[in-house]
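None of the figures in this text is laboratory data; all of them are computed from the coordinates on show. Worth saying up front: this structure is predicted, and the values here are computed from it rather than measured. Cβ placement follows ideal geometry from the backbone for every residue including glycine, while neighbour counts extend to all protein chains displayed.
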Amino acid sequence: MTFDPQALGRSRSDLAAALKEERRRAGWTQARLAKRCSMSQTKVSNIESGKLTPAMVDVELCGQVSPMPR
């Protein structure tokens, strides 16, 4: 299942910008977030650039392992 930001009244670019901002605020690199979330740095980059909408499992996993506010 793919996460649908439009269901929350947001666009994919809103989600991408929010994820990138929170990762940077936490002081993490894309590589560090990718490793902690068991995905490639390229996938994180594609999500943050809005090229890829993350699967719900990706959103949940990254939310569990990251220092980002929940």
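A few points about this structure:
- Taking the convex hull of the alpha carbon positions in segment 5-65 and averaging its projected area over all directions gives 3.7 nm².
- Residues ASP58, ASP14, arranged from fewest to most other Cβ atoms within 10 angstrom of their Cβ, appear as ASP14, ASP58.
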